[in-house]
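The values are calculated or read from the model by the stated rules, or taken from the named source; none is laboratory data. What you see is a predicted model; the values in this text were computed from it and never measured. A quick note on method: Cβ atoms are made from the backbone with ideal geometry, for glycine too, and the neighbour counts reach across all protein chains shown. To get the accessible areas, we keep the full protein, side chains included, count just its heavy atoms, and leave off ligands, DNA and RNA. Shrake-Rupley method; radii C 1.70, N 1.55, O 1.52, S 1.80 Å.
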Amino acid sequence: IDASKTTQIDPEFKNTYFNEGYQSLKKKFKLGRVRLLLKEPRSTLSWHKDPECRLHVPIITNKGCSMVIENVAKHLPADGKVWITNNTKYHTALNGGHVARVHFIATVLD
């Protein structure tokens, strides 16, 4: 997916906190594709690289969730902070907990 070509919010999200967050973050960052990502309990992503960095805002998480980038694991708490992850390096995300993890994720361009 060419993340720079995803420039419109789906009409269903126009009057939501999702759009509010997007509008606020795009004032500070050049963003591409934006989405909510759900990671089911006791699941993980494959070990992979992406072509760009990502911005994460954890919404729902638990102590069993970690982002692993080149073998360094970090729990991203749902405390309102924005995290930028270097997804151009090998990485994975795992949820070893008992509840789903939800992150607001955006591709960071440039």
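The simple spin-label model puts a point 7 Å past each Cα toward its Cβ; for residue 8 and residue 42 those points are separated by 4.2 nm. Just to confirm my numbers, what's the Cα centroid distance between the range 42-72 and the range 85-108 in Å? That distance is 2 Å.
Computed from the Cβ-Cβ distance with R0 of 25 Å, the FRET efficiency linking residue 110 to residue 72 stands at 0.55. Only protein atoms count toward the accessible area here, which uses a 1.4 Å probe; on the range 33-77, the carbon and sulfur part of that area reaches 57 percent. In units of the compact-protein estimate 2.2 N^0.38 Å, the range 22-110 shows a Cα radius of gyration of 1.03.
Over the chain, with the other protein chains present, what is the accessible area per residue in square angstrom, probe 1.4 angstrom?
Numbers: 6950 Å² over 110 residues.
Value for the chain: 63 Å² per residue.
Using the beta-carbon distance between residue 92 and residue 22 and R0 = 25 Å, what value does 1/(1 + (r/R0)^6) give for FRET efficiency, to the nearest 0.05? FRET efficiency, residue 92 to residue 22: 0.45. For the chain, the relative contact order comes to 38 percent (Cα pairs under 8 Å, sequence separation of at least 6).
Computed 3J(HN,Hα) for the range 72-81, one whole-Hz value per residue from the Karplus formula 6.51 cos²θ - 1.76 cosθ + 1.60 where θ = phi - 60°, is 10, 9, 9, 7, 9, x, 8, 10, x, 7, glycine and proline marked x.
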